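Participant: First, the structure itself, so that you have it in front of you.
The values are calculated or read from the model by the stated rules, or taken from the named source; none is laboratory data. None of the values given here were measured: they were computed from a predicted structure. Using ideal geometry, Cβ is built from the backbone for each residue, glycine included, and neighbour counts are taken over all protein chains shown. Surface accessibility is based on the protein's heavy atoms, side chains included, excluding ligands, DNA and RNA. Shrake-Rupley method; radii C 1.70, N 1.55, O 1.52, S 1.80 Å.
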Amino acid sequence: MSWLHTWGGLITGWILFFVFLTGTAGYGEIELDRWMRPEKPLVAPEVAQADALALGLKFAETTIPDARRWLLSPPGGREQPELRYFIEDYPETEGGSGKRFSGYLDPATGEKTQYRATGGGRLLYRMHYQLHYIPRTAAAWIVGFCAMAMFAALVTGIIIHARIFKDFFTFRPGTGHRNWLDAHNVVGVLSLPFHLMITYSGLMFLCYVYMAPVIAAEYGWGEDNRRAFTDMMFLGHPLDRDTRRAAPAPSASLAPMLAEADRLWGPGNIGFVDITRPGTTAARVRIVEGTRHVAGERATLVFDGVTGTVVDGPIVNPPPRAISKTLISLHEGLFAGPVLRWLYFLAGLMGTAMIGSGLILWTKKRRARLEGRVGFSLVERLNVATVCGLSTAVAAYLWANRLLPVEMSGRAAWEAHVMFLVWAVMAAHAALRPAARAWSEQCGIAAAAFGLIPLVNALTTDRHLGASIAAGQWDLAAVDLTCLAIGIGFVAAARIAARGHQRAVPAKTISPTVHGAAE
Amino acid sequence: MIVLAFFLSFAAWTALAFAMNRHRRDLGWARATSGQRTVLRCVGGSLLAASLWACAEHWGWSKGTVAWFGVMAASAGILVLALGYRTQPRRSGRNRRG
Amino acid sequence: MGGYGVAYAASVLMARGLPLSRYEAMQWAILASFPIYLCVVLWAFRARPLMRMWKGVLGLAGICAGLAWWMGPA
């Protein structure tokens, strides 16, 4: 058991750290998205959803009149102040997928908005299950394997360290191995429900990849059969995935449908409008509620696109589906308001800190026995490169967003390249320097990387703290302020690491407390 | 309501920590009698329940339950740090076993 | 690993065996599959002799798969 906890945790720890760090950042996905597009209006204009949707519809009709699918999400809620569109054409060949277009429209004028090309917070969030530079399915399997190891490590952790509940509040600050054990236990136990939930639900998200043979045993192999299951799981009813053109027919007006949605869910509460095969006899208009619930289910109205009458598409929600929907919604935390989202963020940090402290603990425990061995220094270096190096790389991603020329081609891709290049440089640095020095130096670099972000922001854009706080745009200011706080955390970490180094005590790294705050 | 939930849960963890002899010793206090421990545990338990109620009052039961776990983790985290630094000067050996 | 085999076989068995609609049974099976996998992994790391572990894991997978096959496609 103990063996499984130690070694299973070690070999998957570095990837899990990446997954948890980017996933935690993902809780601020929309705020980061906004920060990374400083061209967005500081204060969003108020536009009625129906008016914005009418403009969006006009845009879609003129762009691709006979698209297979128009998906429009109006401004509203925590989502962005603009109208987002996604248009999918009919495939040119049987079984293929059609061309896809997506972007933002100004909700007041219907014009395309001119934002800089960026991966945004969305890319960071996606990395936590798609990694990067790796085919999706391969990434899903890697992350799934690590998640399963995490699941096993959590349960074995509870079993072997039954003491952790006795030592519930025990934390002895310091830098010895027992102090790291305390830190590992504390962050592990305090948000244990979160850790268990996030791991299990994470597996549920991609269950159709991991348990594909199980689904195939009943439904048969292939994309269509898999969809027959996943549509039921995620949507509660089969979605129109027919890619054949139906006979043309005049479309019913959208306005009464929107009015019906407003009447049922309150005004301004439309999440998105999904029109499949518009302008044909098979047209369907699906309107989904904006508010998110813990149970995961959002109210949905389905209309016949020709007659404009409600088509009864009853959502089947048997107990197992309700459970999996709730798990998935708990994982995403999209229902959370600002305070709850901060708590989610905090729990994510605790998870990240648990993994980081676990990795460090491994080296602390074995230093006396294994110091000097190749494997040991490899682990030690990888720890520095992951804990400090990856954090710095995330900061570099934000730097790249501000510093790369706006008109550069392939800009969005280069933001991510910069992130991984910086990570590679940090890894090389960790490999070349003595481990103890590497810790304190990289903490210093990370502190500078995060702490200077508000300054870089102020120098390159007019969306700096002075402007965002003055306008009361706290979600924008929060990005700058959080970076500043992380930077300060790393300053403290660097000082502690440097002090440990000067004392020439063998055990020297950043303090667990600061480390937790810094992630 | 959020602040109330936070402090209720903080107080609850504090009571539970004081019910444990280990932490009493770290603070330099006398051991608790079994009666005292039972009382402290009951107080802690009911304060946690009260904190759940406060969360539900603010967020509604479904979101409130989720938030309650977050509030518990955050308040316990602060208590752990406070206890850790409070007891630090009293320790002679850094790695003394508890 | 063997655990995946057991989890897979047991899930197929559940998906077939549960007297529910096709979707419902499948969803239960999928929900259960990960904890089953976990239990098998934990058990496998407890069972010291390697042979016994393999016998146990393969035996369990075989029984589940056999039963599922015997029930036939729903």
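Participant: Is it true that A:I328 is hydrophobic (A, V, I, L, M, F, W, C), within 14 Å of chain B (Cβ to nearest Cβ) and open to solvent by less than 20 Å² (accessible area, probe 1.4 Å)? Please lay out each step first, then the result.
Facilitator: Numbers: hydrophobic (A, V, I, L, M, F, W, C): yes; within 14 Å of chain B (Cβ to nearest Cβ): yes; open to solvent by less than 20 Å² (accessible area, probe 1.4 Å): yes.
So A:I328 fits the description; yes.
Participant: Counting only residues that are surrounded by fewer than 22 Cβ atoms within 10 Å (Cβ to Cβ) and either without any contact (Cβ under 8 Å) to a residue 12 or more places away in the chain or part of a loop (DSSP other than H, G, I, E, B) (or both), how many does segment A:1-37 have?
Facilitator: Within segment A:1-37, residues that are surrounded by fewer than 22 Cβ atoms within 10 Å (Cβ to Cβ) and either without any contact (Cβ under 8 Å) to a residue 12 or more places away in the chain or part of a loop (DSSP other than H, G, I, E, B) (or both) number 4.
Participant: Restricting attention to segment A:262-274, does a residue exist that is away from every other protein chain (no Cβ under 14 Å), out of contact with any strand residue (DSSP E or B) (no Cβ under 8 Å at 6 or more places or on another chain), over 30 Å from A:F145 (Cα atoms) and open to solvent by 60 Å² or more (accessible area, probe 1.4 Å)?
Facilitator: First, the residues of segment A:262-274 that are away from every other protein chain (no Cβ under 14 Å): A:262-274.
Subsequent filtering for residues that are out of contact with any strand residue (DSSP E or B) (no Cβ under 8 Å at 6 or more places or on another chain) retains A:263, A:266-268.
Next, from what is left, pick out any that are over 30 Å from A:F145 (Cα atoms): A:263, A:266-268.
Those still in the list that are open to solvent by 60 Å² or more (accessible area, probe 1.4 Å) too: A:263, A:267.
Looking through segment A:262-274, at least one residue is away from every other protein chain (no Cβ under 14 Å), out of contact with any strand residue (DSSP E or B) (no Cβ under 8 Å at 6 or more places or on another chain), over 30 Å from A:F145 (Cα atoms) and open to solvent by 60 Å² or more (accessible area, probe 1.4 Å).
Participant: Residue under question is A:I355, and the condition is that it be buried (at least 24 other Cβ atoms within 10 Å of the Cβ), modelled with pLDDT under 90 and over 22 Å from A:I453 (Cβ atoms); does it hold?
Facilitator: Values: buried (at least 24 other Cβ atoms within 10 Å of the Cβ): yes; modelled with pLDDT under 90: no; over 22 Å from A:I453 (Cβ atoms): yes.
It is false that A:I355 is buried (at least 24 other Cβ atoms within 10 Å of the Cβ), modelled with pLDDT under 90 and over 22 Å from A:I453 (Cβ atoms).
Participant: Taking segment A:58-77 as the region of interest, how many residues are in contact with a Pro (Cβ under 9 Å, 6 or more places away or on another chain) and open to solvent by less than 40 Å² (accessible area, probe 1.4 Å)? Steps first, please.
Facilitator: Kept after step one, since they are in contact with a Pro (Cβ under 9 Å, 6 or more places away or on another chain), are these residues of segment A:58-77: A:60-61, A:65-70, A:74-75.
Right, trim to open to solvent by less than 40 Å² (accessible area, probe 1.4 Å) and you get A:60, A:67-70, A:74-75.
Adding up the residues that qualify gives 7.
Participant: Quick one: would you say B:F6 is in a helix (DSSP H, G or I), away from chain A (no Cβ under 11 Å), open to solvent by 30 Å² or more (accessible area, probe 1.4 Å) and in contact (Cβ under 8 Å) with a residue 60 or more places away in the chain? Walk me through how you get there before you give the answer.
Facilitator: On the way: in a helix (DSSP H, G or I): yes; away from chain A (no Cβ under 11 Å): no; open to solvent by 30 Å² or more (accessible area, probe 1.4 Å): yes; in contact (Cβ under 8 Å) with a residue 60 or more places away in the chain: yes.
Criteria not met by B:F6.
Participant: Another question, if that's okay. Take the residues of segment A:331-348 that are within 19 Å of A:A183 (Cβ to Cβ) and open to solvent by less than 20 Å² (accessible area, probe 1.4 Å): which is farthest from the chain's Cα centre (by Cα)?
Facilitator: So the residue we want is A:A347.
Participant: Also, I was wondering about something else. Within segment B:9-34, track down each residue that is open to solvent by 50 Å² or more (accessible area, probe 1.4 Å), part of a helix (DSSP H, G or I) and of a type in the set (F, W, Y). Steps first, answer last, please.
Facilitator: The first filter runs over segment B:9-34 and keeps only residues open to solvent by 50 Å² or more (accessible area, probe 1.4 Å), leaving B:10, B:18, B:25, B:28-31, B:33-34.
The next check asks that each one be part of a helix (DSSP H, G or I); those that pass are B:10, B:18, B:25, B:34.
Once the filter is applied, which keeps residues that are open to solvent by 50 Å² or more (accessible area, probe 1.4 Å), part of a helix (DSSP H, G or I) and of a type in the set (F, W, Y), segment B:9-34 yields B:F10, B:F18.
Participant: A:W474 versus (1) surrounded by 16 or more Cβ atoms within 10 Å (Cβ to Cβ); (2) at pLDDT below 90; (3) aromatic (F, W, Y): which is the lone unmet condition?
Facilitator: Going through (1) surrounded by 16 or more Cβ atoms within 10 Å (Cβ to Cβ); (2) at pLDDT below 90; (3) aromatic (F, W, Y) one by one, A:W474 breaks only (1).
Participant: Same structure again: Being away from chain B (no Cβ under 14 Å), more than 19 Å from the chain's Cα centre (by Cα) and without any contact (Cβ under 8 Å) to a residue 24 or more places away in the chain narrows it down to one of A:G375, A:G358, so name that one.
Facilitator: Values: A:G358 fails: without any contact (Cβ under 8 Å) to a residue 24 or more places away in the chain.
Exactly one residue qualifies, and that residue is A:G375.
Participant: Can you find a residue in segment A:339-352 that is out of contact with any Phe, Trp or Tyr (no Cβ under 7 Å at 6 or more places or on another chain), modelled with pLDDT under 90 and of a type in the set (F, W, Y)?
Facilitator: no
Participant: While we're looking at this one, here's another question. Looking only at segment A:204-238, filter to residues that are outside any helix (DSSP H, G or I), under 18 Å from A:G296 (Cα atoms) and open to solvent by 30 Å² or more (accessible area, probe 1.4 Å); which one of those is farthest from the other protein chains (Cβ to nearest Cβ)?
Facilitator: Step one: of segment A:204-238, the residues outside any helix (DSSP H, G or I) are A:206, A:211, A:220-222, A:235-238.
Subset that is under 18 Å from A:G296 (Cα atoms): A:206, A:235-238.
When the remaining residues are screened for being open to solvent by 30 Å² or more (accessible area, probe 1.4 Å), the result is A:235, A:238.
Numbers: A:L235: 12, A:P238: 10 Å.
Looking at residues that are outside any helix (DSSP H, G or I), under 18 Å from A:G296 (Cα atoms) and open to solvent by 30 Å² or more (accessible area, probe 1.4 Å), I get A:L235.
Participant: Also, I was wondering about something else. Restricting to segment A:293-324, count the residues that are free of Cβ contacts under 8 Å to residues at least 40 places away in the same chain, buried (at least 18 other Cβ atoms within 10 Å of the Cβ) and in a helix (DSSP H, G or I).
Facilitator: 1
Participant: Does A:W439 meet the test of being closer than 13 Å to A:N383 by Cα, surrounded by fewer than 22 Cβ atoms within 10 Å (Cβ to Cβ) and of a type outside the set (G, A, S)? If you could, list the steps in order and put the result at the bottom.
Facilitator: Details: closer than 13 Å to A:N383 by Cα: yes; surrounded by fewer than 22 Cβ atoms within 10 Å (Cβ to Cβ): no; of a type outside the set (G, A, S): yes.
No; evaluated as a whole, the condition is false for this residue.
Participant: Out of (1) buried (at least 21 other Cβ atoms within 10 Å of the Cβ); (2) on the phi > 0 side of the Ramachandran plot; (3) over 24 Å from the mean Cα position of the chain (by Cα), what's the single condition that is false for A:A430?
Facilitator: (2)
Participant: So if I check each of B:W53, B:W61, B:W68, which one is of a type in the set (F, W, Y), under 25 Å from A:F194 (Cβ atoms) and touching a residue at least 24 places away in the same chain (Cβ under 8 Å)? Step through it out loud before you land on a result.
Facilitator: On the way: B:W53 fails: touching a residue at least 24 places away in the same chain (Cβ under 8 Å); B:W61 fails: touching a residue at least 24 places away in the same chain (Cβ under 8 Å).
It is B:W68.
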